[in-house]
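The structure appears below as structure tokens.
The values are calculated or read from the model by the stated rules, or taken from the named source; none is laboratory data. Keep in mind it's a predicted model, so treat the numbers as computed, not measured. So basically every Cβ, Gly included, is an ideal-geometry build from the backbone, and we count neighbours across all protein chains shown.
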Amino acid sequence: MSESAPIVCSDFSIPSNATVTSALSEDHCNNCSSHLGCFWCSESGICASQSQIPTENCTSGWCTGDSCEDVCLDLCGSMFPCSKNIVGMVILILLYGLVLAGSAKMIADGSDMLLEIFPDYGTVIGALLLPILGAIPDAAIILVSGAFGPVAEAQEQVAVGMGTLAGSTIMLLTVPWAASIWAAKCDLDVTGEAIDTVCTSKSLTKTGVTVDNDTMTNARIAIVTSIMYFVVQGVAFAHLKDPGAGAKLEEKLAVAGMTGCFAFLVAYCVYQIWVPKLAQKRMAKVEREREERNMRLRAYHIAEKLGWMVKSPPSINSTQDPADSSDAKALAFGRLWKSKADQHAHTPAEEEKVPLVEKKLEEVEEEEVEPPFWKTLLWALVYLIVGTGFVAFFSDPMVDVISNFGRKINIGAFYVSFIVTPYCSNASELVSSLIFASKKRKSNSSMTFSQLYGAATMNNTLGLGIFFALVYFRKLTWTFSAETLSIFTITVLVGSVGAFKTTFKTWWMFPIIALYPLSLVFVWLLESQAGWT
């Protein structure tokens, strides 16, 4: 491999500041494949064949001549909508993000419906199936980020997978964690515990949230599983300036890491089945939502029987806030009926209508308002299949557009995916956590915080296990030391708060939410200032 003047290979011009090698010396350029016997290596160390040159390089000196567009890789050559300008890329990110968010919501709804119609298997479904189904959106993005395309391309795009893994874990442990404290805060009693549904004080030190001891256990599990990041990272610390130097050993350790993560995943699921406290909380939540939904349906049918004009009934998977809808509407209907009955009682003719109204009410009370079993099962399967299919189908173009967008604005794909993808894949969990926590009860708060720590555990096991698998099977280099340390640090810090406390005073929300932007600053400082790769 030697420096050379511009060399033309099948109308493909190579700049003078590139290092050129022929097909006979392919070993000098790792991960390159022969294409018309022409290879090139940029000054930054990127190595690619003629068919792998990004289109934007055509206008920055890497490719010149009349045949440039023919030999350069077209970034919009796939079947998905694509754009080469920043505005178009932002629109596509929003579009794909909405699709992924909707798909994740469908998976969550389908999971809850399964738990509702199979209560006898609630422990297995709540402890095994629901956590795995909830992790599918993040896992899919991580998988497709490095599973396809040339190795050089996978090495670049896998940064999106790491951004998703880090962003999802850190976002769930900071943003909804802090927001849930604000939504669930209640007055503290003399013993320092929150008083259910009572919130009269605005003090940050005299209000807070109290959770059960099982939440402490889930926080400790999240901390323990985060240690898996150091299976490969331990070696990577010795090669911060030259990640490729430890590639062979890291490849072997990636197998150990993958095995360890999946073993932790199995152990976590077994524990949740053996000690099904979190599963029981999920079942109780679904049961309450079912009762509240049926109350809304019954109120609707009562109004319909009495001939009142009402809106259409809620769907079988309605997620409306019952405090604002079901109880209020049912109470309003009841009061309205009583008012009408009282009015009718003023005349003998109207008094005769009262028994008729009461009869209609009794008929409604005896009616079955719940949808048939087969209908709920069908909808659950449709939601799960369609939601999973959409996640699998649209994860790949989402990874592509994030990678292209980062390259276009000269920002690493990790930073873009860190901010974007977690909200797409966890939007429904974020919203439902806040709604559930706003009931201001200890049982609701315990469920909310247990689920957040449980989601972090799933990322530390399933998500990281898939990432280790990509490193091993695609022969990728581990270049995520800063990102790894950031995930571990945030998990330990937020996990420690929940691991040793059952009451979080309201002021805790401020340092916790601050960790979210600080984690990105931490990664940037290590990479740009300390030179970590």
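Applying the selection to region 271-282, what residues are modelled with pLDDT of 80 or more and touching a Leu at 6+ places or on another chain (Cβ under 9 Å)?
Passing the criteria: Q272, I273.
For A380, indicate whether it is over 19 Å from G97 (Cα atoms), modelled with pLDDT of 85 or more and in contact with a Phe, Trp or Tyr (Cβ under 9 Å, 6 or more places away or on another chain).
So A380 does not fit the description; no.
How about region 263-283: which of its residues are of a type in the set (A, V, I, L, M, F, W, C) and in contact with a Ser or Thr (Cβ under 7 Å, 6 or more places away or on another chain)?
Once the filter is applied, which keeps residues that are of a type in the set (A, V, I, L, M, F, W, C) and in contact with a Ser or Thr (Cβ under 7 Å, 6 or more places away or on another chain), region 263-283 yields F264, L265, I273, L278, A279.
Can you tell me which of T457, T503, T491, T479 is surrounded by fewer than 19 Cβ atoms within 10 Å (Cβ to Cβ), of a type in the set (S, T, Y) and touching a residue at least 24 places away in the same chain (Cβ under 8 Å)?
Just one listed residue meets the conditions, T503.
A quick yes/no check of all residues on (1) assigned by TED's automatic domain parsing to the domain that holds F522; (2) on the phi < 0 side of the Ramachandran plot; (3) in a loop (DSSP other than H, G, I, E, B); (4) surrounded by fewer than 23 Cβ atoms within 10 Å (Cβ to Cβ):
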position: G149; (1), (2), (3), (4): yes, no, yes, yes
position: T164; (1), (2), (3), (4): yes, yes, no, no
position: W182; (1), (2), (3), (4): yes, yes, no, yes
position: D187; (1), (2), (3), (4): yes, yes, no, yes
position: L204; (1), (2), (3), (4): yes, yes, yes, yes
position: T217; (1), (2), (3), (4): yes, yes, no, yes
position: V232; (1), (2), (3), (4): yes, yes, no, no
position: E250; (1), (2), (3), (4): yes, yes, no, no
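Quick check on F390: is it surrounded by fewer than 23 Cβ atoms within 10 Å (Cβ to Cβ), modelled with pLDDT under 90, assigned to a helix (DSSP H, G or I) and among the aromatic types (F, W, Y)?
The answer is no for F390.
Quick one: would you say L94 is free of Cβ contacts under 8 Å to residues at least 40 places away in the same chain and either crowded, with 20+ Cβ neighbours inside 10 Å or in the same structural domain as I419 (by TED's automatic domain parsing) (or both)?
Here the answer is yes, as L94 does meet what is asked.
Just a yes or no: is a residue in region 106-129 at positive phi and outside any helix (DSSP H, G or I)?
No, every residue in region 106-129 fails to be at positive phi and outside any helix (DSSP H, G or I).
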